[in-house]
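The next block holds one structure in the form of structure tokens; read it before the comments.
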Amino acid sequence: MSLALRPTPRTAALVGNPNAGKSALFNALTGARQKIANYPGVTVERKAGRLVLPSGEVVELTDLPGSYSLHPTSPDEEVTRSVVMGEFPGEPAPEVLVVVLDASNLEQHLVFALEIIALGRPTLVALNMLDLAERDGLVLDPSALSQALGVPVIPTVAVRRRGLPELAGAIEAAERQAMADGAVHRQAHLDGAERRMEARAIAQASILSETARHRLHSRMDDLLLHPWLGPLVLFALLFVVFQAVFSGAAPFANALQAGVDFLSAAVRARMVPGLWRDLLTDGVLAGVGAVVVFLPQIIILFFFILSLEASGYMARAAFLMDRMMARVGLSGRSFIPLLSSFACAVPGIMATRSITDAKDRLTTILIAPLMTCSARLPVYAVIIAAFIPHRAVGTGPIGGLIGLQGLVLFCLYVAGIIGAMAAAVVLRGTLTKGAASGFIMEMPKYQLPRARDLAIGLSQRAWIFLRRAGTIIFQVAVILWLLLNFPRAEPGRDQIDASFAGHIANGVAVVLKPIGFNRDIALSLIPAMAAREVSVSSLATTYAVAGANEAQTSHALGDQLKRHWTLPMALAFLAWFVFAPQCMSTIAVTRRETNGWKWPAFMLLYMFVLAYVAAGATFWLARGLGL
Amino acid sequence: MSDAPISPAPASPANALTLDYLPIGQSACVVAVDWARLDADEGRRLRALGIDVGAVVSVAHRGVFGGSDPLAVSVGRMTVALRRAHARVMRVELAR
């Protein structure tokens, strides 16, 4: 067979238990240039990159989802199994399998390694995270391990880039070597329990010495999983995250805003006045600029989420939250997708794939968009900055540290969480009724997050956000500008009233009037169906147009809002966006994850009803209180 | 080791200590698991994490805010979170 005789492989895949350090090894081997997509037909992430072999040839390296065995208990494991077995449609079986092992947890990780090796395919083992094993007082003998397994074993420390050239060389040689060996492998037909005994024996034979050292992570767990202190630490941590998101991003956001203003002024100075110039400044720059300035906040939020994940704390958070989640019929496992939804519901909903129970998963998908995503931040930030005074809550050393603006933001997050929990209880009692599911989860070792892995993760997220700003938000900003400027008003008449958008908004405004929304708000909600943050850029566009050729244009959007809105209106607007399902991407991903339009349609309906009720209640309560 | 008093489930015979009643920090060997009382996938997942007959386990942490759910169980060099409902079907014997 000519294919088998090819000297160097074209494809290789990393397989291994979750928490084996696979992703860090993948990043170290392939660098920042990775292709991230979904496996067709399912929503499991496919990560692929280019690995240059010592010979200069290039292999496509994929990072398969972490698995405990080839008997899948989740969609992720199902993908790994079928790709490894060559059964995944359109995805050829990887020519070389690289089993990644956590050196400090051989006994467990070898079970899956034995299962993979028993397939008799070109396989090698990356004995990863040797430094952590040494930290735990373990001294290992890779050659003994290699002998016992019958495949090459390459010690690696992905984060220090140790063993990477050796690993690349071994991948290159793997196919030839396997043929030379004749691929004779023993223990091909062990059952699960026998394989575990074998793994234990091999692990023990490979350990040269083992000093019982006080392990750092068990002492950290004593604090972080403490029945009373643990939740306090978690809560404090989340509070710090949200304060940091709000205040830490300000200087960067201001710098970006200054850049947008500078560009806008430059265009004004260089172009002849007219519709084209207005389209560029009031349409494109005002619209896209108003969204792009929130990049710093999104990066800060993702920085925390990725760090918590990489450090191993995320699983502790799931542990701490399990009891609370169980009360609303979910498990701690739902906590991670829901926490991810604070950044964006789309990856959050995609992360529900790790939830094994179908009804648990559906419930989590349906409530995920109630978590305050980063797209709401632009909306919240503008309204809060304009209407909530920038001062401390109370006095004294502690009161002085809590800003009122941050507190309001925190309350909006809490409102979303409470809404989601209430929705979960109702759903679990009605539409997704069924037996409560369990919670079984490995708690990974604590690790210091690596700057390089964080940087790769952050740049991927930032790129996704900017691409959204550059495409969908750009288009919506232009379309809205067109809707606002055509047909042209007769001289002396208001342009917005004459425009297409004005007519549409008039209709919507009738429905929204009882909850205190004026026509400008109705107008901003129309394009915000694409994405929530568009409402900010469309408000910016609306008021820029309304104040055209006036000194008003120089006012920041916040000043414009203060001029046109009352405080109850602003608060109702905030309440609306806590619940409103205004994001096309979320609806699209829900359709894909639930395989049909039934659940996304239900999601739209129940969230709009919630938003309408919440905004109305907020408006009339605030009015009643005389705000 | 100190002779910490063990409090088995009131209704159980004295020698039938289940994992959910194992005192924190006490090592024990899993001697029997009633897999039929667990969901098949959950059973498979527990076994994949090394929680099976013959495993030496200890409870590292239990509960939040004074509750007794979930449990963090040490098995080998791993810590696995599971619920009381899972621990209840596992009979353990104290390691000597």
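The values are calculated or read from the model by the stated rules, or taken from the named source; none is laboratory data. Note that this is a predicted model, so its numbers are computed, not measured. Ideal geometry is used to build each Cβ from the backbone, glycine not excepted, and the neighbour counts take in all protein chains shown. SASA here: full protein model, heavy atoms, side chains in, ligands and nucleic acids out. Shrake-Rupley method; radii C 1.70, N 1.55, O 1.52, S 1.80 Å.
Taken about its Cα centre, the protein assembly as shown carries a charge dipole of roughly 1100 debye when the Cβ of each Lys and Arg holds +1 and the Cβ of each Asp and Glu holds -1.
Accessible surface ranking for A:458, A:377, A:223, 1.4 angstrom probe, highest first: A:223, A:458, A:377.
Per-residue Cβ counts within 10 Å, from other chains only, averaged over A:192-202: what number is that? Mind showing how you got there, number by number?
On the way: counts 4, 4, 0, 0, 6, 1, 0, 1, 3, 0, 0.
Mean number of neighbouring Cβ atoms from other chains: 2.
Where does helix A:358-367 land angle-wise versus the long Cα axis of chain A, in degrees 0 to 90, nearest 10? Roughly 30 degrees, rounded to the nearest 10. Relative to the Cα centre, the charge distribution of region B:16-94, modelled as +1 at Lys and Arg Cβ and -1 at Asp and Glu Cβ, gives a dipole magnitude of about 100 debye. All other residues whose Cβ lies under 13 angstrom from that of residue A:54 are scored, Lys and Arg at +1 and Asp and Glu at -1, for a net of -3. Residues A:463, A:565 ordered from highest to lowest accessible area at a 1.4 Å probe: A:463, A:565.
Contact order, relative form, for chain A: 11 percent (alpha carbon pairs under 8 Å, 6 or more residues apart, mean separation divided by residue count).
So for A:349, A:299, what's the accessible-area order with a 1.4 Å probe, most first? Please list the in-between numbers first.
Values: A:349 0, A:299 60 Å².
Accessible-area ranking of A:349, A:299, largest first: A:299, A:349.
At 10 °C and a viscosity of 1.306 mPa s, what translational diffusion coefficient does Stokes-Einstein give for chain A, taking Rh as the Kirkwood radius over Cα pairs? Give it in µm²/s as a whole number. Once the numbers are plugged in, D ends up at 59 µm²/s. Taking each residue as 0.36 nm, the span from residue A:588 to residue A:258 lengthens on full extension beyond its C-alpha to C-alpha distance by 115.3 nm.
Near residue A:330, within a Cβ-to-Cβ distance under 13 Å, what is the net charge of the other residues, with Lys and Arg +1 and Asp and Glu -1? Net local charge, residue A:330 excluded: +4. For chain A, the per residue solvent-accessible surface stands at 42 Å², with DNA, RNA and ligands left out and a 1.4 Å probe. Solvent-accessible area of residue A:234, all protein chains in place: 10 Å² (probe radius 1.4 Å, heavy atoms, ligands and nucleic acids excluded). Bridging of residue A:433 to lysines at a Cα separation below 23 Å is possible for A:359, A:598, once same-chain residues fewer than 8 apart are set aside.
Within region A:482-627, what whole-number % of the accessible surface is contributed by carbon and sulfur, with the 1.4 Å probe and all protein chains included in the calculation?
On the way: 4210 of 6510 Å².
Looking at region A:482-627 in its full context, I get 65 percent from C and S.
What share of Cα pairs, in percent, lie more than 14 angstrom apart in region B:16-94? All intermediate terms of the calculation are to be shown ahead of the outcome.
Details: 1709 of 3081 pairs.
Summing the P(r) of region B:16-94 above 14 Å gives 55 percent of all pairs.
Couplings 3J(HN,Hα) for region A:618-624, derived from phi with the Karplus relation 6.51 cos²θ - 1.76 cosθ + 1.60 (θ = phi - 60°), are 4, 4, 6, 5, 5, 5, x Hz, where x marks Gly and Pro.
Across the residues of B:32-44, average count of Cβ atoms on other protein chains within 10 Å? Show your work: numbers first, answer last.
Numbers: counts 0, 0, 0, 0, 0, 0, 2, 6, 1, 9, 7, 2, 7.
The shielding value for this peptide is 3.
Enter the buried accessible area of the B/A pair, total of both sides, probe 1.4 Å, in Å² rounded to the nearest 100. Write down the numbers at each step before the final one.
Values: alone 6050 and 27890 Å², together 30880 Å².
Summing both chains' loss of accessible area gives about 3100 Å².
Between region A:86-159 and region A:449-521, how far is it from one alpha carbon centroid to the other, in angstrom? Cα centroid to Cα centroid, the span is 51 Å. For region A:11-61 versus region A:222-260, the inter-centroid distance based on Cα atoms is 31 Å. Dipole orientation for chain A: of the candidates A:422, A:451, A:382, A:382 has the Cα lying most toward the positive pole (charges on Cβ; Lys, Arg +1; Asp, Glu -1). The residues of region B:56-71 occluded by other protein chains by 50 Å² or more of accessible area, set against the chain on its own, are B:61, B:64, B:65, B:70; surface from heavy atoms, 1.4 Å probe.
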